[in-house]
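Taking it in order: structure first as C-alpha cells, then the write-up.
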Amino acid sequence: MVDPINFIAQWLRNLMAGWRLSAGLITVILDVIGVLVLSVFVLLVAIFLVWVERKVVARFQDRLGPNRVGPYGLIQPFADILKLLIKEDLTPKGADRLVYNLAPIIALATVLLLWAVIPLSPYVVGSSINVAVLYIVAIGSISTLGIIMAGWASNNKYALLGAFRTVAQMVSYEVPMVIVLLIPVLLSRSMGIQDIAKAQTPFWNWYIFLAPVAAAIFLITSIAEIGRAPFDLTEAESEIVAGFHIEYSGMKFGMFYAGELLHALTIGALFSTLFLGGWRGPFVDQVPFLGIFYLFIKSFLIYYVIMWIKYSVPRIRIDHMLNFNWKFLTPISIALLIVTAVLDKVLQTSPHWVYWLGMLMANIFIALVSLSLVRRYGQSKRIAVGSPRPVARPENIYPQNSTSGD
Amino acid sequence: MTVQQILFLLVAAGTLGSAFMVVSVRNLVHAALWLIAALGGIAILFVFLSAGFLAVAQVVIYIGAISILIIFTIMLTRNVAIDPGKQMNSSWVGALIIAVALFVLNVLILSQWSEINKTAPVLPAQYDALRLLGLALVNPNGYVLPFELASVLLLAALIGAILIAWGRR
C-alpha cells in the first residue's frame with residue numbers, strides 16, 4: 001500500500017516538474033510545504049492538549065474540569081485562545097523590546113524543531129539525519145536560550161531569578177540526559193532516530209526492556225528539561241511568582257504555555273521512539289501509515305505519565321534538585337553506560353535470549369543497588385536528625401557520677 | 001543560479017551581518033544574541049556542506065554551552081545596556097589594513113587552487129560520514145592519540161573543577 005503523505009509529495013513533485021521548475025526549486029518548495037504541514041498539525045494537536053491537560057488535572061484533583069462549552073468541554077481551548085488573543089498585550093517599562101518579543105517565539109519554535117526528526121511512520125519523517133540524537137540535545141540547549149532571553153528582557157527581578165534557576169537546572173540535567181541517550185544509540189548502533197525505531201523490531205526488543213533504567217532516567221531528566229513539576233522551580237509560584245514568564249500576557253504567555261504542553265507531548269514522542277519502538281505496532285508493515293496512530297497513542301500514554309507525576313509530586317527544593325542530579329542520576333547513568341557497553345560486547349555472540357535477559361538483569365541490579373545505597377544514605381541522615389542532641393543542661397556539662405543522692 | 005545558491009548567499013550574508021552586529025552594538029546582551037545568530041548561520045553553512053555532525057556539534061557546543069555561559073556571565077554584570085565608551089581605539093586603521101590584506105591574500109591563494117571551481121561529488125547513499133569519523137577516532141592509525149589526549153585534558157579540567165568546589169576539609 002502506498003503511503004498517502006509520500007504519494008501526495010510525489011504527485012506535487014510531478015506536478016511542479018510539469019511546470020518546468022528546476023529540481024532544486026521543487027525540493028525547496030516541497031520542504032517548505034512539509035515544514036508548514038508538520039508545524040500546523042503539531043500546533044493543532046497543542047490546542048487539543050490544552051483540553052487534555054485541563055481535563056486530566058481535574059480528574060487528579062477530583063473535579064470535573066471544563067464541561068460547559070461543547071460536548072465534554074471540547075470547545076474550551078478555543079475559548080481560552082480567544083481570551084488570550086483579546087487580552088491586553090503588555091510590555092513592561094524598561095524591557096528590552098526586541099529580545100522580549102523574540103523569547104516566546106524561540107520557546108515555541110524549539111519545540112516545533114524537535115518534530116523535524118521524529119519519525120511518524122516508516123516512511124514519513126521530517127528529516128532523516130544520521131545525527132538525530134545529537135540534534136535533540138542541540139535543540140534542547142536552544143530552548144534554554146529562549147527562557148534566559150525571556151527572564152532577562154522582562155526587566156523583573158523574579159523573572160531573572162527564574163531564568164537563573166532555569167540555566168542551573170537545564171544545564172545540569174542535560175548531563176545525565178546525554179549520557180542516557182547514548183544507550184539506545186549503543187544498542188542500535190546508530191545515531192539516526194529512524195534507525196533506532198527500526199532496530200526495536202519485535203516488541204520484546206523495545207529498549208524499555210533492554211534498558212529500563214535508562215528509560216526512567218530519560219523521562220526524569222526530560223521532565224526537568226521542560227521545567228514541569230516536580231522540577232518547576234523556574235516558575236515556583238510560592239517563591240518567585242511566575243518565574244521567567246511573569247511579565248508576559250495575552251498570546252505571548254499563550255506561546256509559552258502551548259510550548260510547555262507541546263514539549264511534554266514531544267518528550268512523549270521522543271520517549272516512545274527511543275524506548276517504545278516509535279511507530280511500531282500490529283499491521284504496521286502492511287499499512288505503514290498506521291505508524292502515526294501508534295506513535296501518538298504511545299506519546300499520549302507517556303504524556304499521561306508526565307501529567308500524573310506533575311499533579312502527584314510536590315515541588316522539590318533547589319539544593320535537592322541539584323543533589324539529585326549530580327549525586328544520583330549522573331553516577332547511575334555513567335555506570336549504566338559502562339555496564340551496557342561491556343555487556344553488549346560480551347554477550348554479542350551469545351543467543352538473543354541470553355543477551356536480552358543479561359541486559360534486563362544488569363539494569364535491575366543497578367537499580368536495586370543504587371536505590372539501596374540511597375536508602376541507606378537517607379536513613380543515616382534521618383538518624384542524625386532524629387537522634388537526641390546534647391542539650392546545655394548542668395548534668396550534661398558537669399557529669400554527675402558521685403552525687404546520686406540529690 | 002540555483003535556489004540552493006540563493007539560500008547559501010542569504011545565509012552567508014546573514015552570518016556576516018550578525019558577526020558585524022556582534023562587534024558594533026553597544027548592548028552586551030544584544031551582542032551575545034547576535035553572536036548566537038552568527039554561530040547558527042555557520043551551523044547552517046555546515047548543513048549546506050552536508051556535514052550534519054559538524055552542524056549539530058556547532059549548535060551544541062557554541063550555542064548551547066559557550067553562548068549560554070557568555071550570556072550568564074553578562075547577566076551577572078551591571079550596566080550592560082549603557083556603555084558610553086568609545087567603540088574604536090586609535091589603531092583601527094592598522095587593524096583594517098591587516099584584515100583587508102589577509103582577505104585579499106586568502107582570495108588570491110584560493111583562486112590559484114585548481115579545485116576551487118570543482119563541484120562537490122555526489123556522495124553514495126551508503127556513505128556514512130559519522131561512522132567513518134567514529135572509526136577514525138578509535139583507529140590506532142587514525143586519531144586515537146589526539147582523541148585520548150583530549151579526553152584526559154577534559155578529565156583533568158573536570159577533576160580540577162571538583163577540587164575547587166570541594167572546599168577545605
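The values are calculated or read from the model by the stated rules, or taken from the named source; none is laboratory data. Values in this document were obtained by computation on a predicted structure and should not be read as measured data. Cβ: placed from backbone, ideal geometry, glycine included. Neighbour counts: every protein chain shown.
Every residue in the stretch B:1-20 that is surrounded by 15 or more Cβ atoms within 10 Å (Cβ to Cβ) and either within 12 Å of chain A (Cβ to nearest Cβ) or touching an Asp or Glu at 6+ places or on another chain (Cβ under 9 Å) (or both), please.
If the condition is that a residue be surrounded by 15 or more Cβ atoms within 10 Å (Cβ to Cβ) and either within 12 Å of chain A (Cβ to nearest Cβ) or touching an Asp or Glu at 6+ places or on another chain (Cβ under 9 Å) (or both), then B:3, B:8 are the ones that fit.
Kindly indicate which of B:12, B:31 is at pLDDT 85 or above, in the same structural domain as residue B:74 (by TED's automatic domain parsing) and within 14 Å of the chain's Cα centre (by Cα).
Criteria check complete, one pass: B:12.
Answer yes if at least one residue in the stretch A:219-226 is buried (at least 21 other Cβ atoms within 10 Å of the Cβ), closer than 14 Å to residue A:150 by Cα and at pLDDT below 85, and no otherwise.
no
Picking from B:71, B:61, B:36, which residue would you name as being within 10 Å of chain A (Cβ to nearest Cβ), within 17 Å of residue A:99 (Cβ to Cβ) and modelled with pLDDT of 85 or more?
So the residue among B:71, B:61, B:36 that is within 10 Å of chain A (Cβ to nearest Cβ), within 17 Å of residue A:99 (Cβ to Cβ) and modelled with pLDDT of 85 or more is B:36.
In this structure, does residue A:233 turn out to be at pLDDT 80 or above and either closer than 27 Å to residue A:351 by Cα or not in a loop (DSSP other than H, G, I, E, B) (or both)?
Considered against the rule, which asks whether it is at pLDDT 80 or above and either closer than 27 Å to residue A:351 by Cα or not in a loop (DSSP other than H, G, I, E, B) (or both), residue A:233 comes out as no.
Let's see how each residue does on (1) modelled with pLDDT of 90 or more; (2) within 10 Å of chain A (Cβ to nearest Cβ); (3) closer than 30 Å to residue B:6 by Cα:
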position: B:82; (1), (2), (3): no, no, no
position: B:91; (1), (2), (3): no, no, no
position: B:97; (1), (2), (3): yes, no, no
position: B:114; (1), (2), (3): no, no, yes
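Out of the residues in the stretch A:265-304 that are in a loop (DSSP other than H, G, I, E, B), under 23 Å from residue A:189 (Cβ atoms) and of a type in the set (A, V, I, L, M), state the one that is modelled with the highest pLDDT.
A:276
From the list A:247, A:225, A:260, which one is over 15 Å from the mean Cα position of the chain (by Cα) and assigned by TED's automatic domain parsing to the domain that holds residue A:154?
A:247
For the stretch A:238-250, how many residues are assigned to a helix (DSSP H, G or I) and buried (at least 17 other Cβ atoms within 10 Å of the Cβ)?
Residues flagged as assigned to a helix (DSSP H, G or I) and buried (at least 17 other Cβ atoms within 10 Å of the Cβ) within the stretch A:238-250 amount to 4.
How many residues, within the stretch A:1-37, are modelled with pLDDT under 85, within 18 Å of residue A:292 (Cα to Cα) and part of a helix (DSSP H, G or I)?
7
Can residue A:27 be described as among the β-branched types (Val, Ile, Thr), within 14 Å of chain B (Cβ to nearest Cβ) and farther than 30 Å from residue A:157 by Cα?
Answer is yes for this residue.
Scan the stretch A:144-155 and give yes if some residue there is closer than 30 Å to residue A:124 by Cα, aromatic (Phe, Trp, Tyr) and at pLDDT below 85, otherwise no.
Within the stretch A:144-155 (the criterion being closer than 30 Å to residue A:124 by Cα, aromatic (Phe, Trp, Tyr) and at pLDDT below 85), the answer is no, since none of the residues qualifies.
Here are some conditions: (1) more than 13 Å from chain B (Cβ to nearest Cβ); (2) closer than 19 Å to residue A:243 by Cβ; (3) crowded, with 23+ Cβ neighbours inside 10 Å. Residue A:146 meets all but one. Which one does it not meet?
Condition (1) is where residue A:146 drops out.
Any residue at all in the stretch B:54-75 that is assigned to a loop (DSSP other than H, G, I, E, B), surrounded by 10 or more Cβ atoms within 10 Å (Cβ to Cβ) and either assigned by TED's automatic domain parsing to the domain that holds residue B:30 or on the phi < 0 side of the Ramachandran plot (or both)?
no
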